[in-house]
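The values are calculated or read from the model by the stated rules, or taken from the named source; none is laboratory data. Worth saying up front: this structure is predicted, and the values here are computed from it rather than measured. Methodologically, a virtual Cβ is constructed for each residue, glycine included, from the backbone with ideal geometry; neighbour enumeration extends over all protein chains shown.
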Amino acid sequence: MIESIRNADERRVAWFLLGIAMAISATWLMIAGKDMTFSGDDIFYYARLVTDSGVTEQGGGLEYFLAPHNSHLQLLPKLMYRGIFLTIGADYTVFRAIEAGAVLVSVLLFFVLARRHVRPYAALIPSVLLLFFGYGEQTFLWAFSIHTVGALAFGLGALLALERGDRRGDLLACALLVLSVVTVELGVAFSIGVAISVLLRGDRWRRIWIAAVPLGIWGLWWLWSQQYGQSEADLIYVYLIPYSFTGLLSALAGSIFGLNPTGPDVSPFLTQITPWGAILGAVGVFGLGYRIRRGSVPPGLWIVLGTLAAYWLTITLANRPPDSPRYLFVGAVAVFLIAAAALRGTRLTAPMLIGAACIVAFAIPPNISKFYDSRISSVVDAQNTRTEYAMLELARPNVDGDYFPADDERVGAVGGGVFVPLSADTYYRAADEFGPIGYPLSRIPELDLTRREIADATLAGALGLGLEPSRPAADPAACPSSVDGRPDSSVFFYLDPGGVLLGSRADYPIEVSVGRYGAGGSGVPLGTLPPGRWAALEIPGDEVAQRWWVTVDGPVSACPVDAAG
């Protein structure tokens, strides 16, 4: 009886501590992602883009929802995105809140599953690490990761339902696997894991439908989707399995123990594979092999092993880098579940638990550090996206509909250009339907110099600003002049509405740049003004009072734009 009371107390304390950790994690994730917006693959959903045989265009109707994205079936997330767009609008905070919620649900389900095998404190310790698993930054910060985390949550829910062992549990498990499959292919991996488990049972043929239904749905869709020419997986990469699997395991082990490198010199897009990670991964494999050899393996272990192997196989056949952060969270959940199942029946003493808790305590700070290292590039992408699309909004009455900021060399020269670009017309159609995603124009002057220079380059490109040869001013002597500009010392002056007519007063070509928000920068280059020649710079008016300025490195006459004779 005393032991029963002690176990009940441990369960209550574990649940209480898990609740606190989840609340802290949720708050942290929402604060860390406050500067994020739609970027990368998010833009495909915002603009309803479909890629068919290499051509990306806006789609519609049922085909849009069923069409593959990078060869993936993503029906449920597309429906979710569209529903939020139509009811709430393009508020990225809502999407990030759903993503963070999916992370919490996944950790909660992990805790419940792990608790079936080990004591509550033993299930709690890895749960806390998962809540702060910063090496998998993309999973935590990017709303588009709802595909992976959502499929994970549905898959874990299916495992819980399967453990009921009755008809209702089987039906629920099948339904959850279907939801996982139509979220992303991780659901296929879970279905394969479940199939392996069922096939090892005596009633295998009576229950195989649990996995066969979701796999059949995905298989039929896959056959239909081949018309889009997007297949990324290729059996030619099967030879990479030893390298990829060991790399995935090593990167994961190093991240779990907080031993992978962090800092500004480390790529935010890779976790890196270290000797310590490889050693720890090898120790884990040998330990698992020893446990399996002992026999009496819980069925749950085979499910998760099959799921992880199938998931890693999809990564390998797509020839993706094994140390990419996007694969770590799912891998960590699976590895911890495998460990919990392998430890089933093992007496975990207080010193063991204290040792595990110390490992997690030492691993969390490097995980947080890596999170913020990688967050920098994510925030920069979001800032560039919001800046460029704000300028498209400002230039809207005068922009060429085919203009792409990402294709503008001057935008790229100052660090702009989003990962998934939209033409002006495509962006406007999405903005009219769901709302704009650029910064409010009042925010642009408050941004850092790099973003303000991107704003100027985008606006100049969208408006098609340039120097147009012109006749001289009718009365050049009546125009203001700048006489102190020279090649080693440029000067600037503000423009009146409409633009300016520039006349060279030098015997050498004068470099001309223009700017609006990027005070302190070099401006957007417009070209050269030949000696003794005149050129017009016409700038359409808009709603913003911020004045344009021109920089020249030689003496010029600056007349009203309509002063040509």
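Among the residues making up region 26-46, those that are over 14 Å from Tyr427 (Cβ atoms) and in a helix (DSSP H, G or I) are Ala26, Thr27, Trp28, Leu29, Met30, Ile31, Ala32. Restricting the search to region 415-470, which residues are under 20 Å from Pro540 (Cβ atoms) and of a type in the set (Asp, Glu)? Those that are under 20 Å from Pro540 (Cβ atoms) and of a type in the set (Asp, Glu): Asp425, Asp456, Glu468. The set of residues from region 508-553 being among the basic types (Lys, Arg) and at pLDDT below 90 is empty. Among the residues of region 266-291, those identified as part of a helix (DSSP H, G or I), in contact (Cβ under 8 Å) with a residue 40 or more places away in the chain and surrounded by 14 or more Cβ atoms within 10 Å (Cβ to Cβ) are Gly284, Leu288, Arg291.
Only residues that are on the phi < 0 side of the Ramachandran plot and assigned to a loop (DSSP other than H, G, I, E, B): list them for region 65-91, please.
Step one: filter region 65-91 for residues on the phi < 0 side of the Ramachandran plot, giving 65-69, 72-88, 90-91.
Result: Ala67, Pro68, Leu73, Gln74, Ile88, Ala90, Asp91.
When Tyr494 is tested against (1) touching a Lys or Arg at 6+ places or on another chain (Cβ under 7 Å); (2) buried (at least 18 other Cβ atoms within 10 Å of the Cβ), only condition (2) is not met. The residue that is nearest to the chain's Cα centre (by Cα), counting only those in region 507-537 that are part of a loop (DSSP other than H, G, I, E, B) and aromatic (Phe, Trp, Tyr), is Tyr517. What residue, of Leu343, Leu328, Leu313, is more than 26 Å from Leu131 (Cβ to Cβ) and not small (Gly, Ala, Ser)? Of the residues listed, the single one that is more than 26 Å from Leu131 (Cβ to Cβ) and not small (Gly, Ala, Ser) is Leu313.
Among the residues of region 325-343, is there at least one that is under 30 Å from Leu459 (Cβ atoms) and surrounded by fewer than 21 Cβ atoms within 10 Å (Cβ to Cβ)? Outline the logic, then answer.
Within region 325-343, the subset under 30 Å from Leu459 (Cβ atoms) is none.
No, there is no match, as no residue in region 325-343 is under 30 Å from Leu459 (Cβ atoms) and surrounded by fewer than 21 Cβ atoms within 10 Å (Cβ to Cβ).
Scanning region 89-106 for residues that are crowded, with 19+ Cβ neighbours inside 10 Å and out of contact with any helix residue (DSSP H, G or I) (no Cβ under 6 Å at 6 or more places or on another chain) turns up just one, Tyr92.
The rows are residues; the columns are (1) in the same structural domain as Leu109 (by TED's automatic domain parsing); (2) acidic (Asp, Glu); (3) under 30 Å from Tyr237 (Cβ atoms).
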residue: Ala318; (1), (2), (3): yes, no, yes
residue: Asp323; (1), (2), (3): yes, yes, yes
residue: Val330; (1), (2), (3): yes, no, yes
residue: Tyr372; (1), (2), (3): yes, no, no
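Selection of first residues in region 314-325 that are closer than 15 Å to Leu252 by Cα and of second residues that are among the charged types (D, E, K, R), restricted to Cβ pairs under 7 Å at least 6 apart or on distinct chains, gives the following pairs, ordered by first then second residue: Pro325/Glu137.
For region 167-251, list the helices (runs of 4 or more DSSP H) that sit wholly inside it and hold at least 2 residues that are surrounded by 13 or more Cβ atoms within 10 Å (Cβ to Cβ) and either acidic (Asp, Glu) or assigned by TED's automatic domain parsing to the domain that holds Arg326 (or both); which are they?
Details: elements: 167-181, 186-199, 204-207, 209-225.
Fully inside region 167-251 and qualifying: 167-181, 186-199, 209-225.
Selection of first residues in region 511-535 that are closer than 16 Å to Val414 by Cα and of second residues that are part of a loop (DSSP other than H, G, I, E, B) and among the small types (Gly, Ala, Ser), restricted to Cβ pairs under 6 Å at least 6 apart or on distinct chains, gives the following pairs, ordered by first then second residue: Ser513/Gly523; Val514/Gly523; Gly515/Gly523; Leu526/Gly466.
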